[in-house]
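For reference, the structure is listed below as structure tokens.
Laboratory data are not the source of any read-out in this text; all were calculated from the coordinates shown. As the structure is a prediction and not an experimental result, all values here were calculated from the model. Note that we place each Cβ from the backbone using ideal geometry, even for glycine, and neighbour counts take in every protein chain shown.
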């Protein structure tokens, strides 16, 4: 007779001392793990719920301005520093980790319309309603020394925006014309205009550094090459664009924030139809900024919310609002891809997490593994109705919700009417336009 | 070599390295390699004075050709994995890239396929690291293993294993029902006349013992060793491991048999009044109460694969139940007489039944087909299946253990047999041990059945050696991933599949569920107009103006169906897979 009976030595399965870690022998045999799918689904559901539970995006509020914030800029080199300009001409430099104001400058009379940091991070430029461009040193002056700009340029008309070149000592301003300036000179090197009276925003392309884009008040977005004497082309839309931002990774895309509550992402090679129409805001969109990875962008709107859109999705993945936040004028995505800054009418700059449920600070290896696992689970079960319902739900203030419904009704009515018109016209005389095609009026070369 | 250029220096450096001899390997023929190593070096030395760069290239080329080799992997490539092991970890079929798929989709499918294949391989490789092997019993020549007595086996094996064969003489309150906890450490026995005891059976440590002074029909551990349920004469009681009564659940009366579904935290009970009830033990609520209308329910088993409850009935049928449906999922006629006992294997493939017609039958419950049956002279009153597929059957006073029952080959002689005194009332295999517990009229017997238990447990699921802290941790995790009772169905993997029911199908179901068609167009109702323009005649006229539109829809539909008939193709799938009710009233033999 040959016999063997299962007999385990407990020493192989129990830790030797209490200071040891517990032994966890595994066996991956599927028959020992029944209900794989329902259990995984339950885990995914829990992960989705926890994600919503931990979604506390608001980090801090920086107060100190005495008027609405009109513009914010990041420091070119330092992650922790930002500058903000207010509607009373005051400029403040902030330290983000300490959440305090380092320096206050009375830069202009009237609005500060635009701020930009020099690429080397030694100085910054401001433009204001007093028709001046001022260059300031990043370093604060010593105690008792008056705040003086390094350089002041007096222009002919009001400047509404400014942006600095990525590598060279030139910058661009917009107002009644788009002017390109050399830092050393007091008159513009070149001026562009294309039959319009004013521009609201101008931005250098971050990759193709001689390329410029600007938003004009005649509902157009104009592209320029600084090496040429005339503008390249422009696209005219149905309503005016307020600002635009280039995608820093795929720099042939830019997104413009429009007055018609939408944002449009364009490919500069095919301006006739936008690549994506981003709809969700219920009022004019005032500012837009891309994340440094180029995968998402944040938009600020007159409807007192900021929204985060994936670059290729038509609807936002996130909406941030608080009771006290009024019309959001400007918004920036921090250079470490973790935070979003918003400046609003009620004199506060707010710091938000870019990923609402993310845990800040250092994570242990197990925490990291758990977050990765949960993320994957949510992704795997994202189409299940329960998971989708929880993941998509966002609380909205009552009036925004009401406006959203109203807007939906309006769009539906419009669609119905168009349909009826089409039904009763000669076939082919009322063409069927897609949402993308609807908003472009013309492209002018 | 005298030149002091850096190139020359590098070559000398290489030579120095080469002089160091590598340890011999059994697959190397040392002399040959030594020679072949030297030759190219000499050549290099000569040529190296003039064209250093070219020699470096040559050297690398030669290495590639394999002339001068330092060390060669005798087993190139990754280690092979036996196909059988790979198959074990196969989950579903491979995803095929649909024709005309976009590049992005193709890429995503390829990546996910590669990842799952990698995981499968890793899991299959892990089998090498499993520490324990299963037990076995082999007789000498011309020796039947079923003639070997328990005492002999206990003598032949080591003391720890030998002590797993023992008897508890409890002749006063018998016969006994029993249940092992999920980790296999604790044993719960309940005598018909009210004696309930829980024991750590390996250390023979008595945790609690009491007499409930009432008939005990069944006993069952709940999710941990801290709680157990006892079905007493009137109500269902829940005690803790010290024997303190925690709950008396008066909604559950006259319970005869119980099953605990560990991943759902459900206690399923079958009562003498014909009710099948589910108690959620994590929140203490009755989840479902189903009137089976089948009379007294004293035969019950659970399918561990999909948590479906199997009930055996006096008319020879076995019915399958889930808490989500008031009728049985499946009803199958298994025996000519009453069903005496049932057992389902852990993969959910086979069901073994025994009946008053003294037959033992094995069914494939995926196809609901009988595989084979055999005649036992005494009939089997109790059945139990072990983790590795051994079947034990209580025939009269003898417990027989059969091997290789699950599958297509018919039952032959038993693998082991053991005679007891008194009627056998309960049979249960201890999980992760080679032990069969038998409750009978004279008490309890623990019997050694080599090869019964799964040798390697998964500590994150069930760990017999877990500490207090680990148990607490496990309990929290298990409660967090408690599967909702709504997810119980015949196929537990249904949730991961794409619901391909066509729009028409869903629409039809919706109409059935709601009782009306939600997408149906309202009938045209003319607006009432003032100043006499709403006379009956005018309304009729206005109705007639739009009548052709309805007519048009109707016509197009009828034309469509006409075409369908002509081309012999059906537009509607008559597929009631969603209901999955298959009634098999088939009698074999």
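Per residue of A:17-29, what is the mean number of Cβ atoms on other protein chains within 10 angstrom of that residue's Cβ?
On the way: counts 0, 1, 0, 0, 0, 8, 4, 6, 11, 10, 15, 13, 9.
Mean partner-chain Cβ count within 10 Å for A:17-29: 6.
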Between the range B:228-242 and the range A:405-437, what is the C-alpha centre distance in whole Å? 69
Principal semi-axes in Å for the range A:107-221 [√(5λ), Cα gyration tensor, largest first]: 24, 16, 11
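With a ≥ b ≥ c the root eigenvalues of the C-alpha gyration tensor of the range B:123-165, is it rounded (a/c under 1.5), prolate (a/b larger than b/c) or oblate?
Details: a/c = 4.09, a/b = 1.75, b/c = 2.34.
Oblate, since a/c reaches 1.5 and b/c is not below a/b.
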So how far apart, in nm, are the two label points at residue A:210 and residue B:111 if each is 7 Å from Cα heading toward Cβ? 3.7
Candidates A:33, A:278, A:75, ranked by Gaussian network fluctuation over chain A, Cα under 10 Å, top entry: A:33
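Could you tell me the relative contact order of the range A:16-126? Use alpha-carbon pairs under 8 Å, at least six residues apart, and round to a whole percent.
On the way: 148 pairs, mean separation 20.0, N = 111.
Relative contact order comes out at 18 percent.
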Rounded to the nearest 500, what is chain A's calculated 222 nm mean residue ellipticity when only DSSP H runs of at least 4 contribute -39500 (n - 2.57) each, over all residues? -5500 deg cm²/dmol
Equivalent ellipsoid semi-axes, the protein assembly as shown, via Cα gyration tensor eigenvalues times 5, rooted, Å: 70, 47, 31
If we restrict to alpha carbons, what Rg and Dmax does the range B:399-441 come to, in Å? 12.1, 35
By what distance, in whole Å, do the Cα atoms of the range A:325-445 stretch along each of the three principal axes, largest value first? 68, 42, 41
If each part is reduced to its alpha-carbon centroid, the range A:317-343 and the range A:1-80 end up apart, in Å, by 28
Compute the angle between helix A:36-53 and the longest alpha-carbon principal axis of chain A, please, reported from 0 to 90 degrees and rounded to the nearest 10. 40
Within a 10 angstrom radius of the beta carbon, how do A:364, B:446, B:412 rank from fewest other beta carbons to most? A:364, B:412, B:446
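Using the 10 angstrom Cβ neighbour count as an exposure proxy, how do A:311, B:285, B:193 rank, fewest first?
Ranking A:311, B:285, B:193 by Cβ neighbours within 10 Å, fewest first, gives B:285, B:193, A:311.
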Footprinting proxy, B:169, A:439, A:424: sorted fewest to most Cβ within 10 Å, the residues are A:424, B:169, A:439
For the range B:312-413, what does the relative contact order come out to in percent, with C-alpha contacts under 8 Å and a separation of six or more? 18
Between the Cα axis of helix A:365-380 and the main Cα principal axis of chain A, the angle (0 to 90°, nearest 10) is 80
In vacuo Debye scattering of the range B:97-176, one point per C-alpha: log10 I(q)/I(0) at q = 0.12, 0.23 Å⁻¹? -0.68, -1.07
Nearest 10 degrees, 0 to 90: what angle lies between the long axis of helix A:398-423 and the longest principal axis of chain A (Cα atoms)? 80
Tell me whether the range A:185-273 comes out rounded, prolate or oblate; compute the Cα gyration tensor, take square roots of the eigenvalues as a ≥ b ≥ c, and use a/c under 1.5 as the rounded threshold. oblate
Whole-Å distance, taken between Cα centres, linking the range B:481-506 and the range B:412-441: 39
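Explain nothing, just the number: relative contact order of the range A:83-213, from Cα pairs under 8 Å at least 6 residues apart, as a whole percent.
Working: 304 pairs, mean separation 19.4, N = 131.
It comes to 15 percent, rounded to a whole number.
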Projected convex hull area of the range B:370-438, Cα atoms, direction-averaged, in nm², equals 4.6
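Summarise the long-distance tail of P(r) for the range B:276-399 by giving the % of C-alpha pairs beyond 25 Å. Spell out each step's value before the answer.
Details: 1740 of 7626 pairs.
Of all Cα-Cα distances in the range B:276-399, 23 percent exceed 25 Å.
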Taking N as its residue count, the alpha carbon Rg of the range B:146-243 over 2.2 N^0.38 Å: 1.18
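At a temperature of 4 °C and a viscosity of 1.567 mPa s, determine how fast chain A diffuses translationally according to Stokes-Einstein, using the Kirkwood radius over alpha-carbon pairs as Rh; express D in µm²/s, rounded to the nearest whole number. Show your work: numbers first, answer last.
Details: Rh = 24.7 Å.
For these conditions, the coefficient is 52 µm²/s.
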